[in-house]
Amino acid sequence: MDFDAIVIGGGHAGIEAALVLSRLDFSTLMITQNLDCIGKLSCNPAIGGLAKGNLVREIDALGGEMAKLIDRTMIQFRILNRSKGPAVQAPRAQADKALYALLAKHVLEQADNLEMFQDTVVDFIRDSSAGEIRGVITERGRRFTARTVILTTGTFLEAKIFIGEYSTSSGRLGEPAAIGLGKALRKIGFDVGRLKTGTPARALRSSLRLERMEEQAGDTEILPFSFSNSMGSIDRPSVPCYITYTTKETHRIIRDNIHRSPLYGGKIKGIGPRYCPSIEDKVMRFPDKDRHQIFVEPEGLSTEEVYLNGISSSLPEDVQEKFLRSVPGLEKLVILRPGYAVEYDFLNPTQLYPSLETKRIKGLFIAGQTNGTSGYEEAAAQGLMAAINAACFLQGKPPLVLSRAEAYIGVLIDDLVTLGTKEPYRLFTSRAEYRLSLRHDTADIRLLEKGYSIGLQKDKARQALLAKREGIDEIKELLRKRNVQEIDGDILPLLQKHLGRSFAHALKDPQVHMRDLIFCEGKLNKKKREWLDQVELDLKYEGYIRRQEKQVDRFKKMEDMKIPPDFDYDRTVGLSTEAREKFKKVNPLSVGQAARISGVRSSDIAVLLVYLKRGI
Amino acid sequence: MQKENLYNQDSITALASPWGESAVAIIRVSGRDSLSMLSGLFEGRAGSGGRGNSGSPPLTEAKGFTMKHGVIRVPGSGEEIDEVVVAVYRAGRSYTGENSAEIFCHGSPAIIKRILDLLYEAGFRHADPGEFTLRAFLNGKLDLTQAEAVNEIVRAKTDRARAAALSRLSGSIERKIRSIKDGILKILAAVEVRIDYPEEDLEEEIVSERELEHWQEELEKLVSTYGIGKILQEGIPVVLAGRTNAGKSTLFNQFLKEDRAIVSEIHGTTRDYLEGVVSMGDIPIKLYDTAGYKMPAHSLEKEGMKRTDRIIRASRLILYLVDASTGVNELDREFFSANQNSKTLIRIWNKIDLSKRPCPVGFFPVNAKTGEGIIKLSEVIVERVLGGRSLESAEPIIDSIRQKKLLERALGALKDFRTGLSENIPLDVLGVDLKEALDALGEITGEVTSQDILNEIFSHFCVGK
Ligand SMILES: Cc1cc2nc3c(=O)[nH]c(=O)nc-3n(C[C@H](O)[C@H](O)[C@H](O)COP(=O)(O)OP(=O)(O)OC[C@H]3O[C@@H](n4cnc5c(N)ncnc54)[C@H](O)[C@@H]3O)c2cc1C
Ligand SMILES: Nc1nc2c(ncn2[C@@H]2O[C@H](COP(=O)(O)OP(=O)(O)OP(=O)(O)O)[C@@H](O)[C@H]2O)c(=O)[nH]1
Ligand SMILES: [Mg+2]
């Protein structure tokens, strides 16, 4: 074997995957079409956001790279949803696009055990009798062998881009599609489908009249994404974004030209995401709305290019220019790159185990947009997990599968492999049943220990976690013991009604905040801000969290009832035909997973339980 | 069956014998704590270890395979519901493998219903179809060679239960609950979209006070129909009255399609009232045959007529029979004038075969002996008890305490949401309340998945960049 592992693709999934394997001392090769395109942010220049921000922090806790990359390249930071509740607060940062990609590439180049190579993979080397992967074959005819392969091809497989009447084979504007591999996958028998996504135009900043728009500044205080960076250690510039709105005229121009859209003209067959609609979708589907928001976001510090967030479009370029110029502030806009849509191959993810290994070929793992997701964070999370499990595979260890109750990553992967997807899948907080327990600030407490036992976290990080745990316990202890006294009421009148009760109790009052209590109790002042914040949220929502924990217990019981992967559904009498087909397709590994498959009835689960109980 | 109930160890109950009038009915309970939960309702009697409520050891101490004689009482008020025998089974040596018991009570639907309601109130959950059998399998208690049977049991019962639930008035309940559920789902979507799309320019107001009020009222209205539902479940009381020999018992038998009441040409054959449940147009009717009016009457007959009057007062509808061959006399006229303004009276012209006289206006002609006219008559009865509304447009009515409890849970959660909203409690926490309301409603009509929420978001809000 030439290598232990091969990673196909240098996108966000590929970066995490290659780093995990090489850091765990496996000789790893990353093959990607163009080394200069490693870590490109194909669409918006931002990392994080709702649920996605949580993913980034979970990736970090497990020992991934994304948080560190964005911490060093951000040009604006914000905590979203500050007022809407702790469970749904999320960090988001604007990235310096070029810097982000450069840094990613540099980190890869510095990694031990990792080689990078520019080429396009067109086929696999397999041992078909054993059903195992053996390596890859490239466009230039090179053959590389390895015991495991991780496929992260993003939007590139047999991809086509569309701008109005124009279309060409390409994965990202200006980059060729990866041709061949999609066909190879189909030949092996994988269920390969088509999805579509789009991106808006990029414009020249000096052509915009920013003074006619609302300015949106970042937070003054930056909370690092990575748990290894302490509060206050991020020293990055903060540049504003701008907000403007489409007009009735914009909508009229779009409607008048809708027949020229490849989407509406029927040229694009792939299904696009409803949560990220193109402007033509927004205008056609919501005719009553008389304006749509546009965020003007800088693409970096060393470029004048700006990203026009909210008006992704695949209308012809002349139409794009015309409707954009009808927007206040964009009257004289100069387009540098037009918006476009891309259609690409994806593999129905129910063909994967929760480890992200394909059921069809041992040792072949798939991650990222190829699994039907969209988004950098979703891709990175899968890349990380696929590689961790490829490592387990190489070591002969059981895979690491995170549950829905312990991480957004668990929700993401379970949804994919259990339900599959028909449109590009994006994570939402509402997909997580137990989101109150999946706060971004607790990702380290939930997962860092796991990262450590895999070998991706250093002892130093673990010590820091232990210190944090202790610190938090101490604060909680302090708050429980310290009662509200007369004098506290004098300092903080709000506390008067909690006289005689503990601080911990008072904190449950929506009006009372930790920042107030600090004034009353000097000992608190010495504690770390992050810890205080975390304790505040823990205590404030204790009741709700406890309510949810009960559900989690029940959920765990179902998850703990394992189904052997080779369970023979054809031999079970009594299953409905629909359930049998679905079980065979998804091959659930636990009763919990089986119950989540759509269309499965309780009676089917009952039958399954009987068989499992009897050990057939 | 809710999928997660498959893994529960909680205590369940269900009627094990067929529903309806019978000599004895069996109610089964099972679950780790089932015996201690049941002991709160049960009071042992002599012969089962002591006298009255003092001497008898509680059920919790009863050995397996023993029978306890006693009464079921309403905790608190102490009202006695029925005299029963309870068979106690201990974990490991019972049908389900768990602690369990069988309550043998009188086979009257009203009593069965009362006992089941008390059990629900004590914390028992109504068993899902096939759940006892399933527990038996899971605890290794049944050596069934074919798992198929489980599915058949579960599915057959589910389907039958569903079919039953869908019939009658429940169809409209389901529609109603579904509409409330959709309403709340919309509100939840409005909450979720504001969480997942913090930067969209969405309206400040998530949901109007008026709309919340509306859904709350709908839920309250539905909960309050529970009393009516109960009557429906037990049957709407309808009484057959008239002079002796008018043919009441004949008509009674005709409706019941069996020879329940004695029929003869002797006046005063029926001495005491009889009851029987019949279904008319899918509505359960509790029909009473009574002793006929007679003048003069001896003391036994007088007692019978007194009882007749009592039944008449408790009934929703009076079917007053007149023998066409004799026609209306003084006694009948007296009755009609006493019930002059009553909307609950249907006059029936019976034995039309024996008389050439045309049916007088305001009378409904039948031949009780052959059944001629009684299909039309049942339609008139249904129309009267529904108050002129058709079955379809009838207001939905809930008829089980389970539904009532779930609706109350939903109502409570919705109220919490309203308060929370006015107190500016964060949205993520408010989402928990709405989810709770949906879960409760979902237990009646089928669960709400996160995909449903997302679908709602994307079909109603224009969001995303
Ligand atoms: C036009 C467009 C619009 C998008 N819109 C959105 C959006 O609206 N919302 C959103 O969240 N995300 C969007 N994204 C998606 C986002 O860019 C991806 O989700 C993310 O980059 C996926 O990461 P990945 O690692 O899976 O793949 P990518 O970042 O696409 O990286 C794949 C890499 O693999 C390489 N590669 C592919 N095939 C081969 C091969 N056979 N051999 C060698 N190398 C190969 C490619 O050259 C590329 O470098 C969009 C992307 C594009 C292109
Ligand atoms: N021909 C004919 N005979 C009938 C009809 N209905 C009842 N009878 C007869 O009338 C007699 C009295 O019928 P019952 O049903 O016993 O009358 P009742 O009203 O119950 O009488 P009491 O119990 O005495 O109050 C019986 O002989 C019946 O067979 C009818 O429609 N036609
Ligand atoms: Mg009679």
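For A:ASP533, the test of being modelled with pLDDT of 85 or more and exposed (fewer than 13 other Cβ atoms within 10 Å of the Cβ) is failed. Only one of the listed residues (A:LEU394, A:LEU336) is surrounded by fewer than 23 Cβ atoms within 10 Å (Cβ to Cβ) and assigned to a strand (DSSP E or B). That residue is A:LEU336. May I ask you to list the residues in region A:161-176 that are farther than 29 Å from A:PRO298 by Cβ and either surrounded by 17 or more Cβ atoms within 10 Å (Cβ to Cβ) or within 16 Å of ligand 3 (Cβ to nearest atom) (or both)? Result: A:SER167, single match.
Quick test for you: out of B:ILE311, B:ILE262, B:ILE283, pick the one residue that is within 33 Å of the chain's Cα centre (by Cα) and within 8 Å of ligand 2 (Cβ to nearest atom). Exactly one residue qualifies, and that residue is B:ILE262. Filter region B:172-214 for residues that are touching a Ser or Thr at 6+ places or on another chain (Cβ under 7 Å) and buried (at least 22 other Cβ atoms within 10 Å of the Cβ); which is farthest from the other protein chains (Cβ to nearest Cβ)? Restricting to residues being touching a Ser or Thr at 6+ places or on another chain (Cβ under 7 Å) and buried (at least 22 other Cβ atoms within 10 Å of the Cβ), the top hit is B:ILE177.
If a residue counts only when it is within 18 Å of A:THR28 (Cβ to Cβ) and at pLDDT 95 or above, which strands (runs of 3 or more DSSP E) contained entirely in region A:70-138 have at least 1 such residues?
A:114-118, A:121-127, A:132-138
Condition check: within 8 Å of chain B (Cβ to nearest Cβ), of a type in the set (Ser, Thr, Tyr) and in contact (Cβ under 8 Å) with a residue 12 or more places away in the chain. Does A:TYR611 satisfy that? Yes; evaluated as a whole, the condition is true for this residue. When we screen A:LEU384, A:LEU400, A:LEU412 for residues that are within 19 Å of A:ASP441 (Cα to Cα) and at pLDDT 95 or above, the only hit is A:LEU412. If you scan region A:569-590, which residues turn out to be surrounded by fewer than 22 Cβ atoms within 10 Å (Cβ to Cβ) and within 13 Å of chain B (Cβ to nearest Cβ)? Once the filter is applied, which keeps residues that are surrounded by fewer than 22 Cβ atoms within 10 Å (Cβ to Cβ) and within 13 Å of chain B (Cβ to nearest Cβ), region A:569-590 yields A:TYR569, A:ARG571, A:THR572, A:VAL573, A:SER576, A:THR577, A:GLU578, A:ARG580, A:SER590.
Kindly evaluate A:LEU447 against the criterion of being under 19 Å from the mean Cα position of the chain (by Cα), within 14 Å of another protein chain (Cβ to nearest Cβ), part of a helix (DSSP H, G or I) and surrounded by 23 or more Cβ atoms within 10 Å (Cβ to Cβ). The answer is no for A:LEU447.
Here B:ILE103, B:ILE112, B:ILE81 are screened, and the one residue that is among the β-branched types (Val, Ile, Thr), within 21 Å of B:GLY64 (Cα to Cα) and crowded, with 18+ Cβ neighbours inside 10 Å is B:ILE103. Exactly one residue out of B:ARG347, B:ARG333 is out of contact with any Pro (no Cβ under 8 Å at 6 or more places or on another chain), under 16 Å from B:ARG243 (Cα atoms), without any contact (Cβ under 8 Å) to a residue 60 or more places away in the chain and assigned to a strand (DSSP E or B): that is B:ARG347. Among the conditions (1) within 14 Å of another protein chain (Cβ to nearest Cβ); (2) within 16 Å of ligand 2 (Cβ to nearest atom), the only one that B:LEU274 does not satisfy is (1).
The set of residues in region A:301-332 that are buried (at least 20 other Cβ atoms within 10 Å of the Cβ) and part of a loop (DSSP other than H, G, I, E, B) comprises A:GLY310, A:ILE311, A:SER312, A:SER313, A:SER314, A:LEU315, A:VAL327, A:LEU330.
So that you can scan it fast, the table gives a plain yes or no per residue for (1) out of contact with any Phe, Trp or Tyr (no Cβ under 8 Å at 6 or more places or on another chain); (2) more than 8 Å from ligand 1 (Cβ to nearest atom); (3) more than 14 Å from every other protein chain (Cβ to nearest Cβ); (4) not in a strand (DSSP E or B):
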| residue | (1), (2), (3), (4) |
| --- | --- |
| A:THR145 | no, yes, yes, no |
| A:THR148 | no, yes, yes, no |
| A:THR155 | no, no, yes, yes |
| A:SER167 | yes, yes, yes, no |
| A:LYS183 | yes, yes, yes, yes |
| A:LYS187 | yes, yes, yes, yes |
| A:PHE190 | yes, yes, yes, yes |
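Taking into account only those residues within region B:240-259 that are in contact with a strand residue (DSSP E or B) (Cβ under 6 Å, 6 or more places away or on another chain) and free of Cβ contacts under 8 Å to residues at least 60 places away in the same chain, which is farthest from ligand 2 (Cβ to nearest atom)? Within region B:240-259, the match that is farthest from ligand 2 (Cβ to nearest atom) is B:LEU256. As a summary of the residue check, A:PHE503 satisfies the conditions (1) under 30 Å from B:ILE425 (Cβ atoms); (2) more than 13 Å from chain B (Cβ to nearest Cβ); (3) free of Cβ contacts under 8 Å to residues at least 12 places away in the same chain except for the one numbered (3). For region B:287-324, the set of residues classified as more than 16 Å from ligand 3 (Cβ to nearest atom) and either within 14 Å of another protein chain (Cβ to nearest Cβ) or small (Gly, Ala, Ser) (or both) consists of B:SER299, B:ALA314, B:SER315, B:ALA324, listed by residue number. Can you say whether B:LEU321 is in contact with a helix residue (DSSP H, G or I) (Cβ under 8 Å, 6 or more places away or on another chain) and more than 16 Å from ligand 1 (Cβ to nearest atom), as far as the supplied structure shows? Judged against the criteria, B:LEU321 is a match.
When region A:491-522 is examined, which residues are found to be of a type in the set (Lys, Arg), surrounded by 14 or more Cβ atoms within 10 Å (Cβ to Cβ) and under 36 Å from the mean Cα position of the chain (by Cα)? Within region A:491-522, just A:LYS508 meets the criteria. Screening the candidates A:ILE268, A:ILE253 for the property of being touching a residue at least 12 places away in the same chain (Cβ under 8 Å), among the aliphatic types (A, V, I, L, M) and either within 14 Å of chain B (Cβ to nearest Cβ) or within 16 Å of ligand 1 (Cβ to nearest atom) (or both) yields one hit, A:ILE268. Looking only at region A:288-313, how many residues end up being more than 10 Å from chain B (Cβ to nearest Cβ) and more than 30 Å from A:PRO237 (Cα to Cα)? Counting residues in region A:288-313 that are more than 10 Å from chain B (Cβ to nearest Cβ) and more than 30 Å from A:PRO237 (Cα to Cα) gives 2. Listed by first and then second residue, the pairs linking a residue in region A:578-595 that is part of a helix (DSSP H, G or I) to a residue that is acidic (Asp, Glu), with Cβ atoms under 6 Å apart and 6 or more places separating them unless they lie on different chains, are A:ALA579/A:ASP604; A:GLY592/A:GLU559. Among the residues of region A:270-278, is any touching a His at 6+ places or on another chain (Cβ under 7 Å) and either surrounded by fewer than 18 Cβ atoms within 10 Å (Cβ to Cβ) or assigned to a loop (DSSP other than H, G, I, E, B) (or both)? No; the residues of region A:270-278 include none that is touching a His at 6+ places or on another chain (Cβ under 7 Å) and either surrounded by fewer than 18 Cβ atoms within 10 Å (Cβ to Cβ) or assigned to a loop (DSSP other than H, G, I, E, B) (or both).
Total residues in region A:479-488 satisfying the condition of being touching a helix residue (DSSP H, G or I) at 6+ places or on another chain (Cβ under 6 Å) and within 12 Å of A:GLU521 (Cα to Cα): the figure is 4. Against the list (1) in contact (Cβ under 8 Å) with a residue 24 or more places away in the chain; (2) over 27 Å from A:CYS43 (Cβ atoms); (3) out of contact with any Gly (no Cβ under 6 Å at 6 or more places or on another chain), the condition A:ALA386 fails is (2).
The residue that is nearest to the other protein chains (Cβ to nearest Cβ), among those in region B:253-271 that are of a type in the set (A, V, I, L, M) and within 12 Å of ligand 3 (Cβ to nearest atom), is B:ALA261.
The values are calculated or read from the model by the stated rules, or taken from the named source; none is laboratory data. Only a predicted model underlies this, so the values are computations on that prediction, with no experimental measurement involved. We place every Cβ from the backbone using ideal geometry, glycine too, and count neighbours over all the protein chains shown.
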